[in-house]
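So the structure is just underneath, and the comments pick up after that.
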Amino acid sequence: MAGSKLTCDYWITEYMTEDDVHLHGVAEMLEFKRTEYQEMSIVRSKTFGTGLVLDGKWQTTVRDEFLYHEPLVHTALYQHGAPKRVLVLGGADGGAVREVLKWKSVTNAVQVEIDEVVFNACQEHLGEIHQGCFQNPRAEIRFGDAFEVLEKEGGSWDVIVCDLSDPLEDSPAMDLFTREFFTTCREALAPGGVFVIQAGPVTPPFDDGHARIVRTLGTVFEHTTHFFSCTPTYVVPLGFAMGSLKPLDTDPEPAKVDAILAQSVEGELKFFDGIALRGLMSPPKYLRDKVANGESLSTLDDPARYTGSGVKS
Ligand code: SPD
């Protein structure tokens with residue numbers, strides 16, 4: 001068929017629903033492991049460059065990762081204003097910590113990652129993403145279960161960034177999209193603290209799941225908002241949910257944002273500026289309606305679950 005010549009012999013099949021499957025071609029498998037927690041592939045895609053796939057779900061690629069990491073991190077740090085202590089949960093590839101360290105006010109960027117095997121593989125293959133950020137004296141990596149670490153140690157974090165894989169059945173992330181976990185995080189925030197989490201795709205038929213997470217966050221935090229960005233390796237626009245202990249600037253003035261970023265941030269931003277933030281803070285009507293009109297919450301007894309290779313059938 002004209003224009004449809006395929007140039008890969010190996011494809012990763014990502015299940016969006018039970019009958020909607022997307023394929024990304026793999027030019028080279030750089031590393032494959034079944035770790036204690038998940039199945040990991042580090043691959044080279046001709047289209048997106050080197051990437052990380054966990055349990056059949058694409059997590060990041062060097063070509064488009066900024067479309068995810070910048071809105072995830074900078075929206076939260078901007079809303080805080082002067083973040084010093086930032087906790088990143090998950091984020092094995094290091095893209096989130098790399099962005100956190102661009103804020104000059106940050107004195108501690110601590111990452112808690114459950115899977116040391118995945119972290120080490122990312123260190124080896126995804127240098128374009130982590131850019132050596134863990135060598136920065138302000139950065140620290142710790143290995144453990146985020147829920148357990150926070151319940152045991154609490155903390156006084158200015159911002160908590162949850163850079164998690166999807167809540168697949170039996171996956172390490174499933175308990176972390178629940179009201180109980182959000183409550184634990186809220187208790188670990190310093191006054192004025194901000195919490196942000198990837199919150200699933202925002203287009204039908206997935207928007208109910210996104211709305212459920214946003215609504216659940218609204219039962220824990222006084223101030224919440226939600227936004228999304230489009231990262232092509234995820235196939236669908238991916239949502240984020242944010243909770244805050246102080247009012248959020250949901251109608252940002254671009255010039256004012258740019259002036260703050262010029263003072264506060266060192267290093268290049270490719271996605272995030274005042275105009276981009278104004279767009280992020282303007283979710284479309286159908287999505288706002290979904291959040292406002294639904295009722296279901298995500299709890300440990302009945303957590304949000306996404307479809308994927310981890311789903312029991
Ligand atoms: N459906 C995939 C969503 C991936 C979110 N996590 C990405 C981690 C990148 N640091």
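The values are calculated or read from the model by the stated rules, or taken from the named source; none is laboratory data. Remember, it's a predicted structure, so these values are computed and weren't measured experimentally. So basically every Cβ, Gly included, is an ideal-geometry build from the backbone, and we count neighbours across all protein chains shown. Heavy atoms of the whole protein, side chains included, go into the accessibility calculation; ligands, DNA and RNA do not. Shrake-Rupley method; radii C 1.70, N 1.55, O 1.52, S 1.80 Å.
A few remarks follow.
- Scanning region 116-129 for residues that are away from the ligand (no atom under 11 Å from the Cβ) and crowded, with 21+ Cβ neighbours inside 10 Å returns a single hit, Ala121.
- Residue ID - modelled with the lowest pLDDT, chosen from residues in region 1-20 that are closer than 21 Å to Asp166 by Cα and assigned to a loop (DSSP other than H, G, I, E, B): Glu18
- Exactly one residue out of Val112, Val149 is free of Cβ contacts under 8 Å to residues at least 40 places away in the same chain, out of contact with any Asp or Glu (no Cβ under 6 Å at 6 or more places or on another chain) and open to solvent by less than 10 Å² (accessible area, probe 1.4 Å): that is Val112.
- Qualifying residue in region 211-227 (condition: surrounded by fewer than 24 Cβ atoms within 10 Å (Cβ to Cβ) and within 12 Å of the ligand (Cβ to nearest atom)): no
- Within region 174-188, being open to solvent by 20 Å² or more (accessible area, probe 1.4 Å) and either of a type outside the set (Val, Ile, Thr) or under 27 Å from Tyr15 (Cα atoms) (or both) holds for Met174, Asp175, Arg179, Glu180, Arg186, Glu187.
- Unique match (being more than 15 Å from the ligand (Cβ to nearest atom), among the polar types (S, T, N, Q) and crowded, with 16+ Cβ neighbours inside 10 Å) among Ser171, Ser244, Ser156: Ser244
- Among the candidates Thr7, Thr47, Thr60, the residue that is in contact with a strand residue (DSSP E or B) (Cβ under 6 Å, 6 or more places away or on another chain) and either of a type in the set (A, V, I, L, M) or in contact (Cβ under 8 Å) with a residue 12 or more places away in the chain (or both) is uniquely Thr60.
- Qualifying residue in region 285-293 (condition: of a type in the set (Val, Ile, Thr) and surrounded by fewer than 20 Cβ atoms within 10 Å (Cβ to Cβ)): no
- Of the strands (runs of 3 or more DSSP E) lying entirely inside region 21-106, the ones with 2 or more residues being within 14 Å of the ligand (Cβ to nearest atom) and of a type in the set (Val, Ile, Thr) are found at 49-54, 57-61.
- Any hit, region 193-207, residues being in contact (Cβ under 8 Å) with a residue 24 or more places away in the chain, away from the ligand (no atom under 16 Å from the Cβ) and surrounded by fewer than 23 Cβ atoms within 10 Å (Cβ to Cβ): no
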